[in-house]
Amino acid sequence: MKIPIPRDIEDVFDRPGSEWTSKQKEKVIRWLFREDVFNNLLRVAFRYLGRYAILDDAQDACSAFFGEKLDGVIAAYYNPAKSEPIPFFPYLRICLKNFCKTKRKEIERTCRPLVSMTLEQNEEGELVQLELDIKDDFHPEAANELRETYEVILDCTNELPSKHRKILQMSLCETGPEIAKELNVSQEDVRTTLHRARHHIRECLRRKGIEL
């Protein structure tokens, strides 16, 4: 959505940043925090912070960007050596995008899953565990219990018919419609198969004394 820029704000943008008075800078910042403008910037931040980001992360990123980077952005924008000139607000969005890409790495490091498993299929089509990565946050005894639980889950999964197992695997990274199209089956068939597969695994775990 294109944001209309008031004439008095455009007047500020039209002059070199070194000539902005403190009142003019304050006026620009107030405009940037206006609801429609800030929401526009929030959407940029949310998009480039990645899949682990929540709304609070986007708000924090925008606030940090204004607090830490705005002066530098203004100075860089009016640098005579800058190649192709573009309007200030699109330039600001590009800088925010690059800032959020850096923040994204921090969020992804913090939100890395506590447990991740690498699997492959053997010749019989059964799932075989290649690697189980457990973060150091776990006490060693808890980590051992997790390993045992994952082994049981794998055993229960391998009890499923091959079709159920395949659709269950695909559901980890594909949507129902995508699975149906790829396997040339109906979406209802996919939903029913997933329901039965998950029910079987829950019942299998319960029989083995594990409640999830």
> Can you tell which of Ile134, Ile167, Ile210 is modelled with pLDDT of 85 or more and hydrophobic (A, V, I, L, M, F, W, C)?
Replying inline: Ile167
> If we keep just the residues of segment 98-115 that are under 22 Å from Phe38 (Cβ atoms) and surrounded by 14 or more Cβ atoms within 10 Å (Cβ to Cβ), which is modelled with the lowest pLDDT?
Replying inline: Ile107
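Test Phe66 against the stated conditions and say whether it is at pLDDT 85 or above, within 14 Å of the chain's Cα centre (by Cα) and crowded, with 17+ Cβ neighbours inside 10 Å.
Numbers: at pLDDT 85 or above: yes; within 14 Å of the chain's Cα centre (by Cα): no; crowded, with 17+ Cβ neighbours inside 10 Å: yes.
In short, no.
The values are calculated or read from the model by the stated rules, or taken from the named source; none is laboratory data. None of these values were measured; they are calculated from a predicted model. Positions of Cβ are generated from backbone atoms using ideal geometry, with glycine treated the same way; all protein chains shown enter the neighbour counts.
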